[in-house]
Amino acid sequence: MRIKYIITAKEWFDKVNGNSYFSCRIESTEDRDFLIKIPFQYGYGDHARYEAVKELKDHGLISEELTFPSEMPIHYTMVANCLKREALAWGSK
């Protein structure tokens, strides 16, 4: 399967309160001007991937029937241990 979308998430861990936050960017391998940003929000584990896939489905870019990551034309990368300002800026509109 050919990769059509690249999802890059940046995660910040709030040590004081013990919470994780993330923001994402979704880019297309076929259109250089395509960019969807998912703003800074609470979530950990695969939540960033789930939100990005949901965004692609909401825009009608991937099929609703696709449920397993291996079926989806995406490449997902999580950049952990970012600074808060990096994660905030990554997802800002």
Any pair with Cβ under 7 angstrom, 6 or more apart, that starts in the stretch 28-40 at a residue that is closer than 16 Å to Trp90 by Cα and touching a residue at least 40 places away in the same chain (Cβ under 8 Å) and ends at one that is of a type outside the set (Gly, Ala, Ser) and part of a strand (DSSP E or B): Lys37/Arg25; Ile38/Cys24; Phe40/Tyr21
Suppose we keep only residues that are in a strand (DSSP E or B) and of a type outside the set (A, V, I, L, M) within the stretch 34-89. Which one would you say is farthest from the chain's Cα centre (by Cα)? Tyr42
Hey, does the stretch 3-14 have a residue that's of a type outside the set (Ser, Thr, Tyr), exposed (fewer than 14 other Cβ atoms within 10 Å of the Cβ) and out of contact with any strand residue (DSSP E or B) (no Cβ under 9 Å at 6 or more places or on another chain)? no
Just checking, how many residues over the stretch 28-61 are of a type in the set (Ser, Thr, Tyr) and surrounded by 13 or more Cβ atoms within 10 Å (Cβ to Cβ)? 2
Check the stretch 19-27 and report whether any residue there is on the phi < 0 side of the Ramachandran plot, of a type in the set (S, T, N, Q) and crowded, with 19+ Cβ neighbours inside 10 Å. yes
Any residue in the stretch 13-33 that is aromatic (Phe, Trp, Tyr) and in contact with an Asp or Glu (Cβ under 8 Å, 6 or more places away or on another chain)? yes
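None of the figures in this text is laboratory data; all of them are computed from the coordinates on show. Since the structure is predicted, the reported quantities are computational estimates derived from the model, not experimental observations. With ideal geometry, Cβ positions are generated from the backbone for all residues, glycine too; neighbour counts draw on all protein chains shown.
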